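Quick notes on the structure that follows.
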Amino acid sequence: MPNKKRLIEEFIELVKIDSLTGKEKNMAQLLLKKLEELGFEVTIDDAGKFAGGETGNVIATLKGNRPGKKLLFTAHMDTVEPGIGINPIIDEEKQIIKSDGTTILGSDDKAGIAAILEAMRTLKEKNISHSDIQVVFSIWEEQGLLGARYLDYSKIDADYIYVFDMDGSPGRIITRASAQDKITVKIIGKAAHAGLHPEKGVSALIVASHAIENMNLLRIDDETTANLGMITGGTGTNSVMSELTIHGEARSLDEKKLNKQTNHMVDCFKEAADKYGADIEIDVSRVYDVVNIDDNDEIVKLAEKAFANLGIETYTDSTGGGSDVNVYAGKGYKAVNLAIGMTNAHSVNEFIKIEDLYNSSRVILEIIKEG
């Protein structure tokens, strides 16, 4: 069994290391050392050069001593703001670890890292037989999944990938996750003095308003969402707004529905621009792909068996959020995301139950034993 005291101490150690997105170098170097001490062959790839960060992904391989499924366990190193100077607090009464209220805690996703490390340490200490194992600690997950996108896949050899990066208690298995389209729209109207000759101008704001008025947004159906989250433009109140840029997104668990929603949003902008005589520039990019694993797939059954061995109830679920699992799925790998217990992530109220952290490490060992 994992050493709970050691697991907690290592989690505390990890969250105290600043590792905002793009600034994960210190974390990567520490994890490289830890994995090497556990007998892994470890390398850091060049993903950081493509993403624009300080370091790449940590990729570790441990050759098996028996046949079986080749398993990859992964979590991401980066955290969101406010994430500098994290001061974790152990609440003995509630049996949770929380932030001091001034920063996030960083259980997203250092709980995943700690659980994986403790499982690997226990594996070696107990001489547990295992098939080939890989561990990936990725960079830049929080801002576009760039670590997974630029991962050196020539070094990856896995039948099943288990991502530990989901809220909810252990037992929740994410088999379906939304794809996302990023939509950037630049509307180019015509400037004019707002007090003297406003009729000579073409307001980019009015064009945008017309488009948005006719656009289906927010919750579209039980599988699809859409949002316009950022709008910038204008030079002053005395000028008709000549240019405006909008950043938005659409997500869906169904690729056809996603394509339909994205096309709808694009058409609304085009029709509004035509109506008012404005020019328009639209860029649409698929940020990540759909995850859709059958509940009866062996990767799911293996996880369910591992949880059952521990007496933990399991269920499959879907999410509208993206994670590294979306990238792995898009690359053709069988991958699922397992809940690790993070609660109120991305907020100063973040915490994790100690038992959830412990059970996550336990289930990794059970997956290895059953794999």
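The values are calculated or read from the model by the stated rules, or taken from the named source; none is laboratory data. Being a predicted model, the structure only gives us computed values, none of them experimental. We place every Cβ from the backbone using ideal geometry, glycine too, and count neighbours over all the protein chains shown.
What residue, among those in the range 121-138 that are touching a helix residue (DSSP H, G or I) at 6+ places or on another chain (Cβ under 7 Å) and polar (S, T, N, Q), is surrounded by the fewest Cβ atoms within 10 Å (Cβ to Cβ)?
Per the criteria, the residue is Thr122.
I need every pair where a residue in the range 280-298 that is over 30 Å from Gly371 (Cβ atoms) has its Cβ under 6 Å from the Cβ of a residue that is basic (Lys, Arg) and modelled with pLDDT of 95 or more, sequence separation at least 6 or different chains.
Close Cβ pairs satisfying both conditions: Glu281/Lys186; Ser285/Lys182; Val287/Lys182.
Looking only at strands (runs of 3 or more DSSP E) that fall completely inside the range 307-371, which ones have 1 or more residues that are on the phi > 0 side of the Ramachandran plot?
334-343
Among the listed residues Val290, Val284, which satisfies the condition of being more than 22 Å from Ala114 (Cα to Cα) and within 17 Å of the chain's Cα centre (by Cα)?
Every option except Val290 fails the conditions.
Filter the range 157-194 down to the residues that are aliphatic (A, V, I, L, M) and more than 26 Å from Thr316 (Cα to Cα) and list them by number.
Listed by number, the residues that qualify are Ile183, Val185, Ile187, Ile188, Ala191, Ala192, Ala194.
Check off (1) more than 15 Å from Met265 (Cα to Cα); (2) touching an Asp or Glu at 6+ places or on another chain (Cβ under 7 Å); (3) assigned to a strand (DSSP E or B) for Lys186 and give me the number that stays unchecked.
(1)
Residues in the range 81-112 that are among the aliphatic types (A, V, I, L, M), within 17 Å of the chain's Cα centre (by Cα) and more than 16 Å from Ser169 (Cα to Cα): how many?
Number satisfying all stated conditions: 2.
Looking at (1) outside any loop (DSSP other than H, G, I, E, B); (2) closer than 30 Å to Lys70 by Cα, can you tell me which one Ala272 breaks?
(2)
So which residues in the range 331-349 are surrounded by 22 or more Cβ atoms within 10 Å (Cβ to Cβ) and not small (Gly, Ala, Ser)?
The answer is Val336, Asn337, Leu338, Ile340, Met342.
Take the residues in the range 70-98 that are among the small types (Gly, Ala, Ser) and out of contact with any helix residue (DSSP H, G or I) (no Cβ under 7 Å at 6 or more places or on another chain), then tell me which one is surrounded by the most Cβ atoms within 10 Å (Cβ to Cβ).
Among those residues, the one meeting the criterion is Gly83.
Among the residues of the range 303-328, what is the count of those that are within 23 Å of the chain's Cα centre (by Cα) and not aromatic (Phe, Trp, Tyr)?
Selection size over the range 303-328: 15.
Since Val58 meets every condition but one in (1) in contact (Cβ under 8 Å) with a residue 40 or more places away in the chain; (2) touching a strand residue (DSSP E or B) at 6+ places or on another chain (Cβ under 6 Å); (3) farther than 12 Å from Gly147 by Cα, which condition does it not meet?
For Val58, the exception is condition (3).
Provide a single number: the residues in the range 140-172 that are among the basic types (Lys, Arg) and more than 22 Å from Leu62 (Cα to Cα).
Adding up the residues that qualify gives 2.
Residue under question is Asp295, and the condition is that it be modelled with pLDDT of 95 or more and either among the small types (Gly, Ala, Ser) or part of a loop (DSSP other than H, G, I, E, B) (or both); does it hold?
yes
Please go through (1) out of contact with any Ser or Thr (no Cβ under 8 Å at 6 or more places or on another chain); (2) farther than 19 Å from Ser19 by Cα; (3) surrounded by fewer than 23 Cβ atoms within 10 Å (Cβ to Cβ) for Pro67 and return the number of the only condition it doesn't satisfy.
It fails just one condition, (1).
How many residues does the range 309-330 contain that are without any contact (Cβ under 8 Å) to a residue 40 or more places away in the chain and surrounded by 15 or more Cβ atoms within 10 Å (Cβ to Cβ)?
Total meeting the criteria: 0.
For the range 256-297, enumerate the residues that are in contact with a Ser or Thr (Cβ under 6 Å, 6 or more places away or on another chain) and not β-branched (Val, Ile, Thr).
Once the filter is applied, which keeps residues that are in contact with a Ser or Thr (Cβ under 6 Å, 6 or more places away or on another chain) and not β-branched (Val, Ile, Thr), the range 256-297 yields Lys257, Leu258, Gln261, Asp283, Asp295.
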